[in-house]
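Engineer: Handing you a structure now.
The values are calculated or read from the model by the stated rules, or taken from the named source; none is laboratory data. These numbers were taken from a predicted model, which means no experiment stands behind them. Positions of Cβ are backbone-derived with ideal geometry, glycine not excepted, and every protein chain shown enters the neighbour counts. Heavy atoms of the whole protein, side chains included, go into the accessibility calculation; ligands, DNA and RNA do not. Shrake-Rupley method; radii C 1.70, N 1.55, O 1.52, S 1.80 Å.
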Amino acid sequence: MIKKVMSLLLVLSLVLSVALTGCGKQNQNTTPEQTTEETGEKTEGSTDQKPAEAVKVGMVTDSGTIDDKSFNQGTWEGIVKYAQDNAGVIEEKYLQPSGEQHTDYLNAMNDLIDTGHTIIVTPGFKFETAVNEAAGNNPDVSFILIDGQTHNGDGNFVKHDNTVCVFFNEHEAGFLAGVAAALSTKTNKLGFIGGMEIPPVQKFGWGYQAGVAYANKTYGTKAEIVESIFQGTFNDVAAGQTLAAGMYDKGVDIIFHAAGGVGVGVFNEAKERAEKGGEVFVIGVDVDQYEAGKISSGKSVTLTSAVKGVDTAAYNYIDAKIKGSFPGGEIVTLGLKDNGVGIPKENPNLSEDTVKKVDETVQQVLDGKLTVPATQEELDAFLK
């Protein structure tokens, strides 16, 4: 009887030992990185911390190319600078649409959105209806519309909390360009070549005319804009060169272009003449175009540039979105008082006296003593 009891106890002991060993092995296979079913979160022992991904920023080009030395390029440079100044924060990409219609712009934006881009930058009024549609369809994507406002085709502003619309006082930049041109011309003959006859380009032209008139009245210059024309596109380089040649042949020695890629042709003509010893100049637009005017001697045919901060706008509103202060739903206008327009800080082809007088003009505007005309009607009244 005792032997049977002893045998039974031995069997029970062996069974218990096996069970305990199995539990021990199960516990050893449970790692500190095990996630909970309810939250999917790591337990305190986890060391697998994935870094935040870069925000994808996409840009769609307007008429012309990314290297148009004007509006597209200026906007893109602002995006690239942000990426350089903030390593790893954004990942940038641009697309050139297949055409210049509503659907072309919309398709390009959708392509960027489909590949994870959550900030879209669009330079130009042609994007207005396309951004309006894209913004409505993609509330989680932020849009920066430069030189335009969202509407559905009737021109009436449609507010989107995920979109900021940025405008500039181009007339103020054009005004300074006009003053500089009037003070710098040797033939007293000036020209203007615009791209499409749209409000931003018109405002550059109106300001230019007013600036020349102001310089004549205030500083005793005798300059005259003898020819002003809108070419009709922003990408016909050959037409720009032909128009510039015609003006220079008439004795014009300074041409202000507000024409995007058409302006490349203006520069080409001026540089060809300068290489042969001619003394002609171009006033650039949107960005500092001094480098665009350089010839083989290292000199430049760029007198100055009527700058508007498209690069700064792209940079600042990307930064605002990243930092949680994006002014969605707003229309913002940047002028001299915001450092949003003007001429470059460095102007090698302007005399010290000209720079001084342009600075005086800026101060007159900032002090409210001088109002630059922004419409044809205001220009007409200004010129009386």
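Engineer: Any residue at all in the stretch 312-325 that is more than 30 Å from PHE281 (Cβ to Cβ) and either in contact with a His (Cβ under 9 Å, 6 or more places away or on another chain) or among the acidic types (Asp, Glu) (or both)?
Structural biologist: Yes, there is a match, as at least one residue in the stretch 312-325 is more than 30 Å from PHE281 (Cβ to Cβ) and either in contact with a His (Cβ under 9 Å, 6 or more places away or on another chain) or among the acidic types (Asp, Glu) (or both).
Engineer: Within the stretch 252-280, take every residue that is over 30 Å from the mean Cα position of the chain (by Cα) and among the small types (Gly, Ala, Ser) and give me the one that is surrounded by the fewest Cβ atoms within 10 Å (Cβ to Cβ).
Structural biologist: Once the filter is applied, the top-ranked residue is GLY277.
Engineer: So the check is Cβ under 8 Å with 6+ separation or different chains; which pairs have a first residue in the stretch 144-156 that's closer than 10 Å to PHE127 by Cβ and without any contact (Cβ under 8 Å) to a residue 60 or more places away in the chain and a second one that's in a loop (DSSP other than H, G, I, E, B) and open to solvent by 10 Å² or more (accessible area, probe 1.4 Å)?
Structural biologist: From residues that are closer than 10 Å to PHE127 by Cβ and without any contact (Cβ under 8 Å) to a residue 60 or more places away in the chain, the pairs are THR150/PHE157; THR150/VAL158; THR150/LYS159; THR150/HIS160.
Engineer: Hey, among ASP249, ASP286, which residue is more than 19 Å from the chain's Cα centre (by Cα) and among the charged types (D, E, K, R)?
Structural biologist: Just one listed residue meets the conditions, ASP249.
Engineer: Output the residue which, of all residues in the stretch 74-110 that are within 22 Å of VAL287 (Cα to Cα) and among the acidic types (Asp, Glu), is surrounded by the most Cβ atoms within 10 Å (Cβ to Cβ).
Structural biologist: In this case the residue turns out to be GLU92.
Engineer: Which ones in the stretch 186-200 are under 18 Å from THR304 (Cα atoms) and either small (Gly, Ala, Ser) or surrounded by 22 or more Cβ atoms within 10 Å (Cβ to Cβ) (or both)?
Structural biologist: First pass over the stretch 186-200, keeping only residues under 18 Å from THR304 (Cα atoms): 186-194.
Matches in the stretch 186-200: LEU190, GLY191, PHE192, ILE193, GLY194.
Engineer: Checking GLU224 against (1) open to solvent by less than 50 Å² (accessible area, probe 1.4 Å); (2) free of Cβ contacts under 8 Å to residues at least 60 places away in the same chain; (3) touching a Lys or Arg at 6+ places or on another chain (Cβ under 8 Å); (4) under 26 Å from THR371 (Cβ atoms), only one condition comes out false. Which one?
Structural biologist: (1)
Engineer: Would you point out the residue of the stretch 230-251, among those that are among the hydrophobic types (A, V, I, L, M, F, W, C) and either in a helix (DSSP H, G or I) or over 9 Å from GLY195 (Cα atoms) (or both), that is most open to solvent (accessible area, probe 1.4 Å)?
Structural biologist: Step by step, filter the stretch 230-251, then rank; the result is ALA238.
Engineer: Take GLY88 and decide whether it is part of a loop (DSSP other than H, G, I, E, B) and over 18 Å from the mean Cα position of the chain (by Cα). Break it down stepwise before answering.
Structural biologist: Values: part of a loop (DSSP other than H, G, I, E, B): yes; over 18 Å from the mean Cα position of the chain (by Cα): yes.
So GLY88 passes the test.
Engineer: Limited to the stretch 203-228, what total is found for residues that are assigned to a loop (DSSP other than H, G, I, E, B) and either among the aliphatic types (A, V, I, L, M) or over 11 Å from ALA181 (Cβ atoms) (or both)?
Structural biologist: 3
Engineer: Taking the stretch 320-373 as the region of interest, how many residues are open to solvent by less than 50 Å² (accessible area, probe 1.4 Å) and either assigned to a strand (DSSP E or B) or touching a Pro at 6+ places or on another chain (Cβ under 6 Å) (or both)?
Structural biologist: So the answer is 4.
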